[in-house]
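Enquirer: Let me give you the structure first, and then I'll get to my questions.
The values are calculated or read from the model by the stated rules, or taken from the named source; none is laboratory data. Bear in mind that the values here come from a model prediction, so they are computed numbers and not experimental data. Methodologically, a virtual Cβ is constructed for each residue, glycine included, from the backbone with ideal geometry; neighbour enumeration extends over all protein chains shown. Areas reflect the complete protein model, heavy atoms only, side chains present, ligands, DNA and RNA absent. Shrake-Rupley method; radii C 1.70, N 1.55, O 1.52, S 1.80 Å.
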Amino acid sequence: MFFYCEKCKKQYPLNTHAIRCSCGGLFRLHKDAEDVVPHTVHIGHMVTPLVPMQAGPIEVLLKLENLQPTGSYKDRGAAALVNVAASLGIERVALDSAGYAGASVAAYAAAAGMACKVFVPEGVPASVVQQLETYGAEVVRVAGTRMDACAEAKRHLGRSWYYASPAYNPLFAEGVKSLAHELYEQLGKSVPEYVFVPAGNGSLLIGLYLGFMEIGRLPHLVAVQSDGCAPLYRAFREAHGDAEAAEAAPASLFEDPNFSIERPKRLKEMLFAVESSGGAVVTVTEAELRAAQRALGHRGVYAELSAAAGLAAAQKFFPHGKPDNYRVVVPVTGSGFKR
Ligand SMILES: [Zn+2]
């Protein structure tokens, strides 16, 4: 396995401390058929249940990623990243995060005996900091937004800290691929018709796309964004010649500055995944998120607000029901217990 630049194809070893190629391009992962990601470091991440739920006129299949050890699907990415890093002798990892990714990497790093440093925007809830510190991570609070935390992390990485960012390090998406393979097995070796994917920095969308590509068939991947921060929706509408809708979609505004994502680093890859699957991008309002979170609660599932995005979008996408033979998967990406 090695990294290569998406632009100039220059190769880098997996233990590179470069964040991206010297030409500015982002890294992708080259993996041969015989390459395997080690699973030496384990904190109990698992095959999560797939349970049906009747949501208004449609039945969906909830993939309960909220049950992962640190409460989100990001454990899949962190498991792969930290396991590979450990096998390469890396002893220090760092990333910027406002929540789940930091928790996942910190937990796996702890289990691997690695030092972990997490740069968080100053306004993150105390419960997030407490969780990170309990895993033994060093938490660096950065004045400003999520983007400021990212900039600060990059400034401090230097040669000694390995950047464990879900957005930059392709080993993260490599781990998320297991979600696609699990769905394939759980659905009797078949691919669902639709998957509704909350799309922040794109690690879930890209991981699912890569995983289903390995299987050889793509479901329609419908990416979901908050209507307050919808850069992918904007790019999707632009690509479909709908300049008016694109113009109306805010690309970087998000009421909570801790979670603002100006422009996902892998926007082009995200758009490509949606387009090649014959999917779409939909936005949901905060009121729709809250309603979906409540509906999940009434099914016995306590999801974080943003983790209800998949359900909110599926209901919006199929307002009058769906064909009976469509299997619609909704990953519940994160547990509500954290915040
Ligand atoms: Zn390059």
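Enquirer: How many residues, within the range 42-54, are surrounded by 14 or more Cβ atoms within 10 Å (Cβ to Cβ) and either at pLDDT below 95 or over 29 Å from LEU187 (Cβ atoms) (or both)?
Expert: 1
Enquirer: How many residues are at pLDDT 95 or above and either among the β-branched types (Val, Ile, Thr) or open to solvent by 40 Å² or more (accessible area, probe 1.4 Å) (or both) when one looks only at the range 263-280?
Expert: Residues that pass the stated criteria total 5.
Enquirer: Quick one: MET53 ticks every box in (1) of a type in the set (A, V, I, L, M, F, W, C); (2) within 16 Å of the ligand (Cβ to nearest atom); (3) in contact (Cβ under 8 Å) with a residue 60 or more places away in the chain bar one, so which box is it?
Expert: Condition (2) is where MET53 drops out.
Enquirer: Let me ask something else about it. Quick check: anything in the range 24-36 surrounded by fewer than 17 Cβ atoms within 10 Å (Cβ to Cβ) and either in contact with a Leu (Cβ under 9 Å, 6 or more places away or on another chain) or among the polar types (S, T, N, Q) (or both)?
Expert: For the range 24-36, residues surrounded by fewer than 17 Cβ atoms within 10 Å (Cβ to Cβ) and either in contact with a Leu (Cβ under 9 Å, 6 or more places away or on another chain) or among the polar types (S, T, N, Q) (or both): absent.
Enquirer: Is it the case that ALA126 is more than 22 Å from the chain's Cα centre (by Cα) and under 25 Å from TYR184 (Cβ atoms)?
Expert: Criteria not met by ALA126.
Enquirer: Quick check on my filter: what residues within the range 77-106 are more than 24 Å from ARG155 (Cα to Cα) and open to solvent by 10 Å² or more (accessible area, probe 1.4 Å)?
Expert: Correct list: SER87 only.
Enquirer: Now for a separate question. Quick check: is even one residue across the range 173-195 open to solvent by 30 Å² or more (accessible area, probe 1.4 Å), under 30 Å from LEU88 (Cα atoms) and assigned to a loop (DSSP other than H, G, I, E, B)?
Expert: no
Enquirer: If a residue has to be touching a strand residue (DSSP E or B) at 6+ places or on another chain (Cβ under 7 Å) and either on the phi > 0 side of the Ramachandran plot or in contact (Cβ under 8 Å) with a residue 60 or more places away in the chain (or both) to count, how many in the range 16-46 make the cut?
Expert: 6
Residue-wise test of (1) at pLDDT below 95; (2) more than 20 Å from the chain's Cα centre (by Cα); (3) not small (Gly, Ala, Ser).
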| site | (1), (2), (3) |
| --- | --- |
| GLU59 | no, yes, yes |
| ASN66 | no, no, yes |
| GLY77 | no, no, no |
| ALA85 | no, no, no |
| GLY89 | no, yes, no |
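Enquirer: Let me ask something else about it. For the range 63-118, enumerate the residues that are outside any helix (DSSP H, G or I) and closer than 17 Å to LEU179 by Cβ.
Expert: Result: LYS63, LEU64, GLN68, PRO69, THR70, GLY71, SER72, TYR73.
Enquirer: Can you pull out the residues in the range 19-50 that are near the ligand (Cβ under 10 Å from one of its atoms), assigned to a loop (DSSP other than H, G, I, E, B) and under 23 Å from the mean Cα position of the chain (by Cα)?
Expert: Those that are near the ligand (Cβ under 10 Å from one of its atoms), assigned to a loop (DSSP other than H, G, I, E, B) and under 23 Å from the mean Cα position of the chain (by Cα): ARG20, CYS21, GLY24, GLY25, LEU26.
Enquirer: Then there is this: Which residues, taken from the range 309-328, are part of a helix (DSSP H, G or I) and surrounded by fewer than 23 Cβ atoms within 10 Å (Cβ to Cβ)?
Expert: GLN315, LYS316, PHE317 - these are the residues of the range 309-328 that are part of a helix (DSSP H, G or I) and surrounded by fewer than 23 Cβ atoms within 10 Å (Cβ to Cβ).
Enquirer: Also, I was wondering about something else. Of the residues in the range 281-308, how many are in a helix (DSSP H, G or I) and open to solvent by 10 Å² or more (accessible area, probe 1.4 Å)?
Expert: 13
Enquirer: Hey, among the residues in the range 201-231 that are closer than 13 Å to VAL284 by Cβ and of a type outside the set (Val, Ile, Thr), which one's most open to solvent (accessible area, probe 1.4 Å)?
Expert: Only one residue tops the list, namely ASP227.
Enquirer: Which one is least open to solvent (accessible area, probe 1.4 Å), of the residues in the range 1-10 that are within 10 Å of the ligand (Cβ to nearest atom) and not in a loop (DSSP other than H, G, I, E, B)?
Expert: So the residue we want is CYS5.
Enquirer: Can I ask one more? Name the single residue, out of those in the range 11-23 being out of contact with any Gly (no Cβ under 9 Å at 6 or more places or on another chain) and not polar (S, T, N, Q), that is most open to solvent (accessible area, probe 1.4 Å).
Expert: Residue satisfying both the conditions and the ranking: ARG20.
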